[in-house]
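Where a number appears in this text, it was derived from the coordinates with a stated rule and is not lab data. Source: prediction; values computed, not measured. Glycine also receives a Cβ, built like all others from the backbone with ideal geometry; neighbour counts cover every protein chain displayed.
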Amino acid sequence: MQDIRKKINFLRNELHNHNHRYYVEDNPILTDLEFDLMLKELEELEAENPQFFDPNSPTQRVGGSITKSFKSSSHRYPMYSLSNTYTKDEIIKWEERILKILGNDITISFSCELKFDGASINLTYKEGELVKALTRGDGLKGDEITENIKTIKTIPLRLKGEYPKFFEVRGEIILPIKDFNKMNMQRAELGEALYSNPRNTASGSLKLQDSSQVARRPLKCFIYSVVGDELNLYDQSEVLKKAREWGFKVPNSAKLVDSIDKVFDFVKYWDSERGKLDYEIDGVVIKVNSLNHQDKLGYTAKSPRWAIAYKYKAEQAATILQGVHFQVGRTGAVTPVARLKPVLISGTLVKRASLHNSDQIEKLQLRLGDTVFVEKGGEIIPKITGVKESERGDLIDKLKFISNCPECNFPLFREKGEAQHYCKNENACPPQKIGKIQHFISRKAMDIEGLGGETVAMFYHAGLISNIVDLYKIKKEQILPLEGMAEKSANNIINAISKSVEKPFSKVLFALGIRYVGETVAKKLAKSYNSIDNLISASKENLTNTNEIGEKIAQSIIDYFSIQDNLKLVKSLQSFGLKMKTLNNHNYNHPEFYNKRFVISGIFDAFSREEIKNEIEKLGGILVTSISSKTDYLVAGKGIGPSKEIKAKSQNIPILSEKDFNNLKSS
Ligand code: AMP
Ligand code: ZN
């Protein structure tokens with residue numbers, strides 16, 4: 001027993017360290033596979049020895065807990081705001097106020113830091129273990145989001161080195177811009193409304209009820225302060241250094257300077273460099289470095305006197321709202337787009353801005369002719385952030401959201417609790433019909449070379465195609481007369497279309513454009529159900545029991561196949577030879593492999609794990625992940641977890657080395 005406990009502790013320590021190396025230092029020494037194997041081994045040992053449960057074990061980072069409503073809890077030390085300024089003048093005045101309190105003969109140094117733009121968080125550590133995470137809330141009380149916070153890998157669950165017995169750290173949870181854009185691209189692909197900016201997405205993510213969902217969001221945490229009664233720390237630059245030593249992520253952009261002029265240098269430097277950061281900042285924070293001085297300066301009702309934020313102005317301009325049009329997307333989502341008098345913002349001419357949805361129009365009470373403020377942040381499309389009250393358009397020109405689809409006149413629908421309006425006339429609304437075909441031919445779907453989105457629209461408007469099946473009926477003679485078509489391009493298109501029938505089932509499934517069925521989900525479904533017929537006859541319960549298929553996706557699949565036209569469409573595609581089944585490329589069914597259940601563990605010399613898995617499937621074997629009485633073989637490579645081995649032996653399951661495996665194949 002003692003040995004198992006030791007082993008568990010050893011693995012936890014190792015994994016905490018490797019996690020830190022990977023996420024905080026960006027300097028891993030293990031391969032992902034090695035890390036995963038170690039984690040798996042720990043998972044197994046913990047499952048078999050529940051008496052050694054530890055809420056801060058590295059295995060707890062995957063999440064899984066569901067919080068219906070977050071408990072509100074008081075901050076031990078209030079979380080103040082920062083006083084803000086946009087001018088150098090006020091920073092000079094701030095220094096004067098400080099000197100007045102501390103005495104004019106004192107030299108002050110300043111810690112200059114970036115003001116990370118995310119959601120603030122307060123983390124409590126007791127004996128080096130994370131015990132609580134609170135949002136800022138109103139500064140006095142916040143929400144307990146500990147389980148969600150544990151999934152963020154830049155936050156240590158257990159600290160390194162020597163630390164105070166009890167203390168709290170404060171930091172900002174951010175979502176890197178690149179990851180934000182990636183999330184939005186995936187949402188666009190699924191036809192879901194886009195997130196508006198990284199900050200809101202980060203703070204929204206923290207309040208998700210399912211912590212395993214939070215685990216999937218690429219959030220990071222940057223620490224900027226430490227609070228407590230017995231810290232034995234003397235200045236802010238030391239605070240940052242210590243926090244880093246304890247295992248927190250503290251960007252090394254902070255700089256200690258000894259004059260206000262140098263503060264201004266820092267401000268200026270980051271104003272021009274901030275675009276190069278992979279996360280958003282909205283300014284810099286200047287703090288009196290000495291904690292002793294900070295104590296003397298104290299707080300106003302709202303903010304510390306020892307710190308001030310200098311905010312960068314968002315790239316903004318005022319211009320006139322000339323019109324609005326309503327765009328209907330592939331999924332029927334209706335987005336209002338403002339037409340603006342062209343204006344230059346950070347070097348680009350802006351003519352349009354997104355108004356997101358009807359709530360936004362209502363909120364701003366927009367009228368045609370209004371002078372509006374337009375901002376260009378990290379997002380791709382600029383947005384309208386406000387109206388200049390002194391230059392309003394006529395009341396009579398107040399913008400109204402439409403009630404019918406601008407493309408097909410179908411009444412628009414708005415789901416309860418959702419901001420977006422939809423045209424649900426999906427099989428007859430032109431942009432939705434064209435969008436579906438464009439999605440079908442796109443690179444990640446059927447990848448029909450030579451056929452682009454615009455050509456599809458042209459074919460549609462020429463009356464040659466009205467759905468995806470029509471693509472397979474097109475004749476060369478029909479497209480040749482169209483603008484820009486030459487013999488060669490027409491040939492290429494026809495050939496590419498007829499070749500596309502070879503694409504695997506998972507691609508076809510994705511290409512159908514079922515709502516919420518993205519590329520990954522399509523692959524999962526193809527693998528679990530093997531054929532479209534199985535999928536069509538799957539019940540909702542069936543679907544939700546499939547790994548990673550949730551309620552929303554399941555319902556969408558059921559809805560899709562309950563429409564007769566869609567079933568007909570699938571049948572027609574099938575008649576043109578498109579693959580509606582996962583082909584099993586068994587070479588043959590090897591008698592020692594056919595229908596036998598294999599568990600793989602460890603690393604192999606001549607094969608990657610993927611290769612060995614493919615090999616087994618090719619020969620007719622079945623792969624399972626955990627050992628049970630039904631397992632026929634355990635294939636054991638290097639570094640296999642001892643628990644697996646013990647389990648296999650106790651159940652008399654043959655253990656194959658890599659060599660045994662090869663022998664079995666050639667038997
Ligand atoms: P504000 O919300 O404008 O009052 O600004 C205060 C917030 O700025 C704090 O609650 C923090 O979440 C955030 N912040 C970001 N970076 C820093 C930093 N380096 N030091 C202090 N606060 C920061
Ligand atoms: Zn419509």
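Quick notes on this structure:
- Shape call, the range 213-277: gyration tensor on alpha carbons, a/c limit 1.5: oblate
- Listed residues G275, G204, N17: farthest to the positive end of the dipole of the chain (Cβ charges): G204
- Each of the peptides 610-621, 427-438, 76-87 was scored by the mean count of other Cβ atoms within 10 Å over its residues; in descending order, highest first, they stand as 427-438, 610-621, 76-87.
- Of the peptides 387-399, 215-227, the order by per-residue mean of other Cβ atoms within 10 Å, starting with the highest, comes out as 215-227, 387-399.
- Of interest is the spacing of the C-alpha centroids, which for the range 315-330 and the range 623-667 amounts to 63 Å.
- Counting only DSSP beta bridges whose two residues both lie in the chain, roughly 85 percent are antiparallel.
- Bridge type composition, the range 529-667 - antiparallel percent by DSSP, nearest 5: 20
- Listed peptides 628-637, 531-540 by packing density, highest first (mean Cβ within 10 Å): 628-637, 531-540
- Length gained on full extension, S531 to Q365: 54.6 nm, using 0.36 nm per residue less the C-alpha separation.
- Unpaired cysteine residues in the chain (no second Cys Cβ under 4.7 Å): C112, C221.
- Taking Cβ atoms as reference points and 14 Å as the exclusive limit, the residues near K524 contribute a net charge of +1, counting Lys and Arg as +1 and Asp and Glu as -1.
- With the charge dipole of the chain set up from +1 on Lys and Arg Cβ and -1 on Asp and Glu Cβ about the Cα centre, the Cα lying farthest toward the positive end among the listed residues N56, S500, P642 is that of S500.
- Couplings 3J(HN,Hα) for the range 416-423, derived from phi with the Karplus relation 6.51 cos²θ - 1.76 cosθ + 1.60 (θ = phi - 60°), are 3, x, 9, 8, 8, 8, 10, 9 Hz, where x marks Gly and Pro.
- Cα shape, the range 345-457, gyration tensor, a/c 1.5 rule: oblate
- Nitroxide proxy distance, nm - points 7 Å out along Cα→Cβ at N17 and K476: 6.8
- Taken along the Cα-to-beta-carbon direction at a fixed 7 Å, the label points for A317 and Y594 span 7.2 nm.
- Total charge dipole magnitude, the range 519-632, about the Cα centre, Cβ charges on Lys, Arg, Asp, Glu only, Debye to nearest 20: 220
- Ranking P156, L664, L512 by how far each Cα lies toward the positive end of the dipole of the chain (charges on Cβ) leaves L512 at the top.
- In nm, spacing of pseudo-spin labels at E90 and L277 (7 Å Cα→C-beta vector): 1.9
- Under a model in which nothing but the beta-carbon of Lys, Arg (+1) and Asp, Glu (-1) is charged, the chain shows a dipole of about 960 debye around its Cα centre.
- From phi via Karplus (6.51, -1.76, 1.60), per-residue ³J(HN,Hα) for the range 169-176 in Hz, x at Gly/Pro: 10, 10, x, 10, 8, 10, 10, x
- Distant-in-sequence amide contacts of E315, defined by a placed amide H-H separation under 5 Å and a gap of 5 or more residues or a different chain, comprise K376.
- Cβ-derived FRET efficiency at R0 56 Å, S498 paired with S259, nearest 0.05: 0.15
- Using the alpha carbons alone, the radius of gyration of the chain stands to its Kirkwood radius in an Rg to Rh ratio of 1.02.
- Rounded FRET efficiency, nearest 0.05, which uses the C-beta distance separating A188 from N292 and R0 of 60 Å: 0.70
- Three-way shape call for the range 505-553 based on the alpha-carbon gyration tensor, with the a/c threshold at 1.5: oblate
- Rounded to the nearest 20 debye, dipole of the range 172-269 from Cβ charges on Lys, Arg, Asp, Glu: 460
- 14 Å reach of a label modelled at S626, 7 Å along Cα-to-Cβ, counting backbone N of the range 47-88: 47-50
- Only helices enter this figure: runs of n ≥ 4 DSSP H residues, each worth -39500 (n - 2.57), summed and divided by the residues of the chain, yield -10500 deg cm²/dmol at 222 nm to the nearest 500.
- Each part reduced to its alpha carbon centroid, the range 403-448 and the range 221-283 end up 47 Å apart.
- Within the range 328-370: backbone nitrogen closer than 16 Å to the R392 label point (7 Å, Cα to C-beta): 361-370
- Taking θ as phi - 60° and the Karplus parameters 6.51, -1.76 and 1.60, the scalar couplings of the range 79-92 work out to 9, 7, 8, 10, 6, 10, 8, 10, 10, 5, 3, 6, 5, 5 Hz in sequence order, x denoting glycine and proline.
- Relative contact order of the chain, defined on C-alpha pairs under 8 angstrom at six or more residues apart (%): 10
- Sites E129 and K649, calculated FRET efficiency, Cβ-Cβ separation with R0 45 Å, nearest 0.05: 0.80
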